[in-house]
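Asker: Sending over a structure as structure tokens; questions will come in a sec.
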Amino acid sequence: MAETVTTTGDANTGRQSRSGKDTLLDARGLTKRFGDILANDRVDLVINRGEIHALLGENGAGKSTLVKMFYGSLEPDGGEILWQGHRVDIGNPAAARDLGIGMVFQHFSLFEALSVVENIALALPNPGRMSDLSNRIQTVSRDYGLPLNPNDIVADLPVGIRQRIEIVRCLLQEPQLIIMDEPTSVLTPQEADLLFLTLERLAKEGCAVLYISHRLEEVKRICHHATILRHGQVVRECDPTKETPASLASMMVGADVASVSASSQKPVIGETRLALKNLSAKAATPFATALNNISLDLRAGEVVAIAGVAGNGQGELFDAISGEMPLAADMVVLDGKPCGNRNITWRRRQKAAFVPEERLGHGAVPGMKLSQNIVLTRHSTGDKLVNAAFVSTANAGKMEQRIKKTFDVRMSHDDPEARSLSGGNLQKFVVGRELDRKPGVLIVNQPTWGVDAGAAALIRQALIDLARSGSAVLVISQDLDEIFEIADRIAVISRGYLSEAEPTDNMNRERVGLLMAGGAEAQGEVA
Amino acid sequence: MFEAVLLTIITAATPLLIAAIGELVVERSGVLNLGVEGMMIMGAVVGFAVANQTGSGTLGVIAAIAAGMAMSALFGFLVLVLVTNQVATGLALTILGIGFSGLIGEAFIGIPGLKLPDLYIPGLSDIPFIGPVFFQQDALVYISFALVIAVAYFLFRTRLGLVLRSVGDNHGSAHALGYSVIRIRFAAVLFGGACAGLAGAYMSLAYTPQWVENMTAGRGWIALALVVFSSWLPLRVVIGAYLFGAVSVLNLHAQAVELDIPSQLLSSLPYLATILVLVLISANRRLTLVNTPACLGKPFVPDR
């Protein structure tokens, strides 16, 4: 897209016209530098009372840095923040809370070992007696339609409830501005709807919301104003209700985003490559999820997606299929061979490949070079990486070059350590490393988690292309947009039960949402 | 006879209890200080030396606490400010303590020491049997019980205790909420050092009122193990410390009556019995997991 990059000067005029007596927060020329990187470059932002203000941008555009300065967890290197017309120094989160700025974090900031009321007490300056606070929590949470039991231990609660705790904690601080960092990424569509109602109510009461999200549909639906960041600078401000998700996306990226489609090529379905038969496993730790009677046929040529809210057994299912969790032999069948009791190397030799969710630490060893990380998953799959117990650095290096080129992995110097890559680039690498093998069966958990739009499109297209070339692909994902984009069939996992995989054409968001919220479980229990 | 046995059990258990309750607070804040043995032995030698020079047991105890705190301040500076590896630093602290205490104590070997007086609690100490056992002890025994109750109350009933537990559970979140992780941990480490020093003073001023090189003989390590096996719960530390004390005392009596059991096996009994019982009571994995400080031993560097 030939979009002209608007300068900060334009944003300035936008600010001047927007700031007035209703202005709550007025940031002027905020700058933050980390080493050589300018994370925020003279950012101007105006938030008015009663406004749901979207902050958009790709990963690394500087959104989190900006809101951390509002919440006092980072100190700006330049510029100033005006709160209700007065210049303020927000030295720490307690100061932000005193001003009336609350924050709901992207990665929950809850203490798992503590109870709901203890978690909330920690965020309040004067929590008072625990029993009084418990009563207040019950009243406020019921009042906003987000009921909570104050004595539950957080570790026992599902993600949707955990977010409720964050929101109620924020509400009890009686804030005038609530900052929300990707609040819906872990919610079912129904839970998200409930959140939107709460936000609209808060806005009506005069509270302002600064809303960070990658989900442009919902930004268009609930936000009144949007500020778009790219490379640390404000590039545009707009009224999202007058835009389309596609136009918002191109403003963020600065170019058109390629759209991916599974339906453009009809799949040629072949025989079953991977079969799960009544797969069950007990929870390995008190905080893990048990798998119950999971059955699924994955056939050559198709992409099957497993939707579900985080923490419903996705990780455990992945471990069971990859061989990290040993099972009875006939629970997992690869190309007709029972292998539930076989290890991951045996399964890889059967042309299966696995990409786990956590790319740094599980998918790649942080302190090892990329070429060494390649050897770790491909040492015994006929790639000539190991000769008589010696590692062939030459072959591993060649492979690293090939993956880098095919999957556009960007790095500052040749063959760096895995930890030095940005999240998106490392994700392209760990997915690319397995795709490069042209595996017969590919299992991938959260293929594009935390990856920007351009890289996500590349990875999704590669997954579809692999399926169309005759392989079977199983994608576990929490991103419904992604699932509807690439899947031929969709199953839903809920509390360790898997629903029947149905053709994408028969599914819609509402149905998937109902299955996520326990429908899959009911189906599984009947079966 | 039974009375005497009970008395020796209390004497054997008290240093373990004091050192362990201090380390429990340290670990609840997310710091693993393996230097308990080193801080304890420094407390023992400094306590003995000061009591010997001044003739005051009280000054000896205060000096022992100060010595333990000085050692822990060194540890805290290294692991919290310079973010060194906690395991390696703790081990180094123990080695330093053992060596340095030997150097300080050289002049005091063989000198008869000063024993802390027993305090008779008026009224209570006259109760038959219970009185002599529980209410005619030296001050440190009473302090050890007061410490357990105070620590349990602090951790689970006060706001500061809640903050300390939150720092040990998730230092990133505690920092995001605006709590000073480093400062809270430093305070906890200092408290642990004070307790270890006090436990050392008990060794050289009450248990055996003299200075012998390496006289703590691994009790710091046992205190460390008790903390873990008791799932970081103060009352369970009492059970562990007294059980260990009891079995080691009974073991001495068993050796005295010359049972037909190899003495090596008898000597290992306290360890075996303590591990067995604490493993059994920590069979409730959920309770254990909820009470395990999730950030234990992990370095924290604020992103500012």
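Asker: Calculate the length of the line joining the C-alpha centroid of region B:43-67 to that of region A:72-148, in whole Å.
Answerer: 47
Asker: Would you mind giving the mean number of other chain beta-carbons within 10 Å of the Cβ of each residue in B:176-182, as a whole number?
Answerer: Averaged over the peptide's residues, the number is 6.
Asker: Amide H to amide H, which residues 5 or more places from residue A:305 or on other chains are under 5 Å from it, using H placed in the peptide plane?
Answerer: Those qualifying (amide H under 5 Å, at least 5 residues apart or on another chain) are A:475, A:488, A:489, A:490, A:491.
Asker: Something else about it: Would you work out which of A:386, A:459, A:196 lies farthest towards the positive end of the dipole of the protein assembly as shown, given +1 charges on the beta-carbon of Lys and Arg and -1 on that of Asp and Glu, about the Cα centre?
Answerer: In the protein assembly as shown, that residue is A:386.
Asker: Okay, next question. Which whole-number percent gives the relative contact order of region A:356-427, counting Cα pairs below 8 Å spaced six or more residues apart?
Answerer: This gives 39 percent for region A:356-427.
Asker: Find which of B:131, B:107, B:147 sits farthest along the positive direction of the dipole of region B:101-179, computed with +1 on the beta-carbon of Lys and Arg, -1 on that of Asp and Glu, about the Cα centre.
Answerer: Final value for the positive-end residue is B:147.
Asker: What ³J(HN,Hα) values, in whole Hz, does the Karplus curve 6.51 cos²θ - 1.76 cosθ + 1.60 give for region B:263-272 when θ = phi - 60°, with x put for Gly and Pro?
Answerer: 5, 4, 5, 4, 5, 8, 4, x, 5, 4
Asker: Shifting gears a bit: Mind listing the long-range amide H neighbours of residue A:225? Cut-off is under 5 Å, sequence gap 5 or more, other chains count too, H placed in the peptide plane at 1.01 Å from N.
Answerer: Here A:52, A:54 satisfy the definition.
Asker: Using the reciprocal of the averaged 1/r over all distinct C-alpha pairs, how large is the Kirkwood radius of chain A in Å?
Answerer: 24.7
Asker: If you don't mind, another one. On a 0 to 90 degree scale, rounded to 10, what angle separates helix B:57-76 from the longest Cα axis of chain B?
Answerer: Compared with the principal axis, the helix lies near 30 degrees.
Asker: Let me ask you something else. Hey, fewest Cβ within 10 Å first, where do B:42, B:203 land in order?
Answerer: Ascending Cβ contact count within 10 Å gives the list B:203, B:42.
Asker: Still on this structure, I have one more. For A:271, A:500, which order do you get if you count the other beta carbons within 10 Å of each Cβ and list the fewest first?
Answerer: Lowest count first: A:271, A:500.
Asker: Now a separate question. Using the Karplus equation 6.51 cos²θ - 1.76 cosθ + 1.60 (θ = phi - 60°), what ³J(HN,Hα) coupling, rounded to whole Hz, does each residue of region A:496-511 give in order, writing x for Gly and Pro?
Answerer: After applying 6.51 cos²θ - 1.76 cosθ + 1.60, I find x, 9, 10, 6, 4, 7, 10, x, 4, 4, 7, 9, 9, 4, 5, 5 Hz.
Asker: Give the average, rounded to an integer, of partner chain Cβ atoms located within 10 angstrom of each Cβ in A:117-129.
Answerer: Partner-chain Cβ atoms within 10 Å, mean over residues of A:117-129: 3.
Asker: Also, quick follow-up: Calculate one ³J(HN,Hα) per residue across region B:3-9 by plugging θ = phi - 60° into the Karplus curve 6.51 cos²θ - 1.76 cosθ + 1.60, and present them in order as whole Hz with x for glycine and proline.
Answerer: 4, 5, 4, 4, 4, 5, 4
Asker: Roughly how many nanometres apart are two label points built 7 Å out from the Cα toward the Cβ at residue B:87 and residue A:37?
Answerer: 3.0
Asker: How would you order A:117-128, A:83-94 from highest to lowest mean count of nearby Cβ atoms within 10 Å?
Answerer: Most protected by this proxy first, the peptides run A:117-128, A:83-94.
Asker: Right, here's the next one. If you find the alpha carbon centre of region A:165-215 and of region A:305-364, how far apart are they in angstrom?
Answerer: So the separation of the two Cα centres works out to 36 Å.
Asker: Have a look at the DSSP beta bridges in the protein assembly as shown and tell me what percent are antiparallel, nearest 5.
Answerer: Details: 41 of 77 bridges.
Within the protein assembly as shown, antiparallel bridges account for around 55 percent of the total.
Asker: Something else about it: With everything on Cα atoms, drop me the angle between helix B:181-202 and the longest principal axis of chain B, reported from 0 to 90° to the nearest 10.
Answerer: Approximately 10 degrees, to the nearest ten.
Asker: Show the residues, 5+ positions off or on another chain, whose built amide H is closer than 5 Å to the amide H of residue A:230.
Answerer: A:235
Asker: Further, regarding this structure: Neighbouring Cβ atoms within 10 Å as the yardstick, rank B:233, A:25 fewest first.
Answerer: Least crowded to most crowded, the residues run B:233, A:25.
Asker: Using only C-alpha positions, report the orientation-averaged shadow area of the convex hull of region B:2-291, nm², one decimal. Don't skip to the end; give the middle numbers.
Answerer: Numbers: hull surface 66.5 nm².
The number I arrive at for region B:2-291 is 16.6 nm².
Asker: Okay, next question. Rounded, prolate or oblate: which one fits region B:1-46, using the alpha carbon gyration tensor with axes a ≥ b ≥ c (rounded when a/c is under 1.5, else prolate when a/b beats b/c, else oblate)? Walk me through the numbers before you get to the answer.
Answerer: Details: a/c = 4.64, a/b = 1.88, b/c = 2.46.
Taking the square roots of the gyration eigenvalues as a ≥ b ≥ c, region B:1-46 is oblate.
Asker: How would you classify region B:180-292 from its alpha-carbon gyration tensor, with a ≥ b ≥ c the square roots of the eigenvalues: rounded for a/c under 1.5, else prolate if a/b is greater than b/c, otherwise oblate?
Answerer: Oblate, since a/c reaches 1.5 and b/c is not below a/b.
Asker: List the lysines whose Cα lies under 29 Å from the Cα of residue A:438, skipping any in the same chain that are fewer than 8 positions away.
Answerer: By straight Cα distance, residue A:438 reaches A:266, A:277, A:337, A:351, A:369, A:384, A:398, A:404, A:405, A:428.
Asker: From other protein chains only, count the Cβ atoms within 10 Å of every residue's Cβ in A:91-98, then give the mean.
Answerer: Details: counts 1, 6, 5, 3, 1, 1, 2, 0.
Per residue, the number of nearby Cβ atoms from other chains is 2 on average.
Rule-based calculations on the coordinates, nothing more; no lab input. It should be emphasised that the depicted structure is a prediction, and the values quoted were computed from it without experimental measurement. Every residue, glycine as well, gets a Cβ built from its backbone with ideal geometry; the counts of neighbours run over all protein chains shown.
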